[in-house]
Amino acid sequence: MNNEIIYILIASFIGLLSFVLAALAIQSKKLSVAVIATGVVSLFSSILFLLMAAPDVAMTEASIGSGLTTLIYFYVLNKIKKYHA
Amino acid sequence: MLRNLLISLLLLSFVYIFYNLYVGFTPKTELDGIAAHYADKGAAEIGAANLVTAVVVTYRGFDTLGEVTILFLTASIIGFFLKLTEADENKVIIHRGTSELLVTSSNLLVPIIILFGIYVFMNGHLTPGGGFQGGAIIASAVALAILANPNMHINHQIILWVESISGVVFVLIGVLGILLAGGFLDNRVLPQGQFGTLLSAGAIPIIYSFIGLKVGAEISNILEKYQKSQKES
């Protein structure tokens, strides 16, 4: 019973943090900050998947969602900056 | 004004829909239908300790083939739209230089991460994870290596061959399933072996290893294309 409360607390804390970071990703003026925020949202959601006993989904989310997607966004961002500056 | 009104109307309707779903949701206390069949008979029929793998590779193997095909299409479309030419080969990426910490740690970590990816897809039928996860982990090792050395040369030919051969072997094992066992992608083309050991669950370890190689090669291919698109002089 006690474990369950701790579990809910951790899960809701992570959920709240990812909400904050998602809002940051939408609101921030700098695109690089937004890209990093989306990456961190993915990382937090992979922790949530792990807490919900889905380690395979967590692995995919951590490597593709927060790793590769962020890198590809930065490649694209770099390419866009060349044309606008 | 009208736009904001419409947006808030849409959001409110979403709230209504999801609230109704939330209120009307009653969790099932026991499995029924096909889920019960998978849970009760999956281990005996397929011989995989990880039931998710039994569903993904054998019961729903055709869907997995579709997913792999979609990933292949994605890689090809990215290659098509990035418009890389032969002249790009000789150019380099101008960057501010990478830190000593990143270079040293990536030299240490890249082989370990690749080894972990191979472990994940070879043990797909025993432990959580499988072909897609293992392939994604291998590709993230490639991403780390690119971060440490932005001008790294990735051998395109190796990626091409690994990807094509894995895809062909995956489909061939599936066709063997029609000839020797119950149907397309049936895993009983090979003996089931001892439950819970590495060489068990029929063809699942082989199929998943090739899926892992294919996914890893495809995502590395996408990364390689993006890396090449950054070259300028």
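The numbers here are math on the coordinates, done by the rules we state, and not lab data. Please read all numbers here as calculations on a predicted model, not as lab measurements. Because the Cβ atoms are built from the backbone with ideal geometry, glycine has one as well, and the counts that use them run over all protein chains shown.
Annotations
- Net charge over other residues, Cβ less than 13 angstrom from the Cβ of residue B:203 (K, R count +1; D, E count -1): 0
- Computed about its Cα centre, the charge dipole of chain B is approximately 340 debye, with only Lys, Arg, Asp and Glu carrying charge at their Cβ.
- Lys/Arg +1, Asp/Glu -1 at C-beta; region B:2-229 dipole; positive extreme among B:227, B:127, B:109: B:227
- Excluding exposed DSSP-loop GluC sites (Glu not before Pro) (at most 13 other C-beta within 10 Å), longest clean stretch of chain B: B:31-231
- Sequence-separation-based contact order of chain A, relative, with Cα cut under 8 Å and 6+ spacing, percent: 26 percent
- Across chain B, Cα pairs under 8 Å and at least six residues apart give a relative contact order of 28 percent.
- About its Cα centre, the dipole of the protein assembly as shown is roughly 1100 debye, where the only charges are +1 on Lys and Arg Cβ and -1 on Asp and Glu Cβ.
- Radius 14 Å from Cβ of residue B:136, net charge of other residues (Lys, Arg +1; Asp, Glu -1): -3
- Counts of other chain beta carbons within 10 angstrom of each beta carbon in peptide A:56-62 average 6.
- Distance-filtered residues of region B:48-68 - backbone nitrogen under 20 Å, label point 7 angstrom along residue B:127 Cα→Cβ: B:48-57
- Loop-resident sites, chain A, for chymotrypsin sites (Phe, Trp or Tyr not before Pro), counting at most 13 other Cβ within 10 Å (DSSP): none
- Part-to-part distance (alpha-carbon centres) for region B:64-80 and region A:1-63, which is given in Å: 28 Å
- Between residue B:82 and residue B:149, the contour length at 0.36 nm per residue exceeds the Cα-Cα span by 22.0 nm.
- Value at 222 nm in deg cm²/dmol, rounded to 500, when DSSP H runs of n ≥ 4 in chain A each add -39,500 (n - 2.57): -27500 deg cm²/dmol
- Computed helical MRE - 222 nm, chain B, DSSP H runs ≥ 4 contributing -39500 (n - 2.57), nearest 500: -22500 deg cm²/dmol
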